[in-house]
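Trainee: Please find one structure pasted underneath; my questions will follow.
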Amino acid sequence: MCPSCGVVEEYWFLRSRQQWRCRACGHTFSVTSGILFAHHKLPLQVYLGAVVIYSNAANGLSALQLSRDLDVQYKTVFVLMHKLRESLMVQRDETPLAGEVQLDGAYVGGSVRPANRAEDRVDRRLVEHQNPDKRCVLVMRETYPVDDLAERVGGKRTLTFIIPHENQTDIGALAARFIASGTTISADEHDAYDLLHERYRTRRVNHQREYRAADTDRTTDNQAESLISRFRRMQIGQHNHFGLAHLANYANEAAYREDTRRWSNGNEIFSDILTKCARTRPHRDWSGYWQGNTRRPERLAA
């Protein structure tokens, strides 16, 4: 099908260019035109091999390691992996979560190095001493009901968002958009989740005393924290550092790997990622990245 006019099977093949030309509109296209892999210079087998290796990783994959596996330049793999993460972000399911949802937040970046002398050190817990690059990864994770635990264990679907810090304004707006009414929410004792009691049945657990509450509902947010644990392993064990411009895509990648942890890496994960790439249009942020097109705003949920 021609990606320009939509005419089906009205084209001829140009052997000199290894492309097709539409008989209706004269548009020249290839098998990757209009998708995430458009304008590629390497053989398509390299891109498919990258998707295979990317699908096989459990806790993320560094660009340096993938460049060694494929024997291509680091710059090429850096952009390619960000294209894969972009497809996961663009094609993710953002329908409202329902049933039982757990909320929690994890802070990334903005570490303040303590001074050498004890008398010169400051209390890094205070707001005035915090690094302005510090961000919060808000996790919303839908879980299976308690009566389904005999068959399915763990989280069902996860959404992640980047906010400056845990606050009632951002959490209230995101909950109204991505959590359906009538949902039961489990969260910790942070005051940012207090306003959720007005709209939802909200249960709280005090982590200063326990990880799971002793009530009849067995209130906990362990499923949200399990996603944060995988995100930390990705940060410390693979990437070491997340830039603010790409933090949302990294967090969404961790959520995708956590939600598909029981899928087969060949028939399901590889096919799903490749389908998402085929449905994603070329992204302007990754076209000519190493030629100067690097200005990209931070993706904050607020």
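Trainee: Residue under question is Gly182, and the condition is that it be on the phi > 0 side of the Ramachandran plot and in contact with a helix residue (DSSP H, G or I) (Cβ under 8 Å, 6 or more places away or on another chain); does it hold?
Mentor: no
Trainee: Out of everything in region 8-59 that is without any contact (Cβ under 8 Å) to a residue 60 or more places away in the chain and of a type in the set (Ser, Thr, Tyr), what residue ends up being nearest to Ile273 (Cα to Cα)?
Mentor: The residue in question is Tyr47.
Trainee: Any residue at all in region 242-265 that is assigned to a helix (DSSP H, G or I) and more than 26 Å from Arg135 (Cβ to Cβ)?
Mentor: Scanning region 242-265 turns up at least one residue that is assigned to a helix (DSSP H, G or I) and more than 26 Å from Arg135 (Cβ to Cβ).
Trainee: Condition first: under 17 Å from the mean Cα position of the chain (by Cα), over 30 Å from Arg203 (Cβ atoms), among the aromatic types (Phe, Trp, Tyr) and not assigned by TED's automatic domain parsing to the domain that holds Met234. Can you find one or more residues in region 74-88 that meet it?
Mentor: Within region 74-88, one or more residues are under 17 Å from the mean Cα position of the chain (by Cα), over 30 Å from Arg203 (Cβ atoms), among the aromatic types (Phe, Trp, Tyr) and not assigned by TED's automatic domain parsing to the domain that holds Met234.
Trainee: Among the residues in region 99-107, are any out of contact with any Pro (no Cβ under 8 Å at 6 or more places or on another chain) and part of a loop (DSSP other than H, G, I, E, B)?
Mentor: no
Trainee: Would you point out the residue of region 198-232, among those that are under 26 Å from the mean Cα position of the chain (by Cα) and among the acidic types (Asp, Glu), that is surrounded by the fewest Cβ atoms within 10 Å (Cβ to Cβ)?
Mentor: Here the residue is Glu225.
Trainee: Also, quick follow-up: Looking at (1) out of contact with any Cys (no Cβ under 6 Å at 6 or more places or on another chain); (2) in a loop (DSSP other than H, G, I, E, B); (3) surrounded by 15 or more Cβ atoms within 10 Å (Cβ to Cβ); (4) without any contact (Cβ under 8 Å) to a residue 40 or more places away in the chain, find the lone condition where Cys2 falls short.
Mentor: Every condition holds for Cys2 apart from (1).
Trainee: Does Ser229 satisfy being more than 21 Å from Ile162 (Cβ to Cβ) and in a helix (DSSP H, G or I)?
Mentor: no
Trainee: Within region 54-68, restricting attention to residues that are loosely packed, with under 15 Cβ neighbours inside 10 Å and within 21 Å of Gly266 (Cβ to Cβ), which residue is nearest to the chain's Cα centre (by Cα)?
Mentor: Only one residue fits best here, namely Ala58.
Trainee: Is it the case that Lys156 is crowded, with 18+ Cβ neighbours inside 10 Å, in the same structural domain as Arg232 (by TED's automatic domain parsing) and not β-branched (Val, Ile, Thr)?
Mentor: It is true that Lys156 is crowded, with 18+ Cβ neighbours inside 10 Å, in the same structural domain as Arg232 (by TED's automatic domain parsing) and not β-branched (Val, Ile, Thr).
Trainee: Of the residues Leu195, Leu174, which single one is assigned to a helix (DSSP H, G or I) and more than 30 Å from His82 (Cβ to Cβ)?
Mentor: Every option except Leu195 fails the conditions.
The values are calculated or read from the model by the stated rules, or taken from the named source; none is laboratory data. Since the structure is predicted, the reported quantities are computational estimates derived from the model, not experimental observations. Glycine gets a Cβ as well: all are built from the backbone with ideal geometry, and neighbour counts include every protein chain shown.
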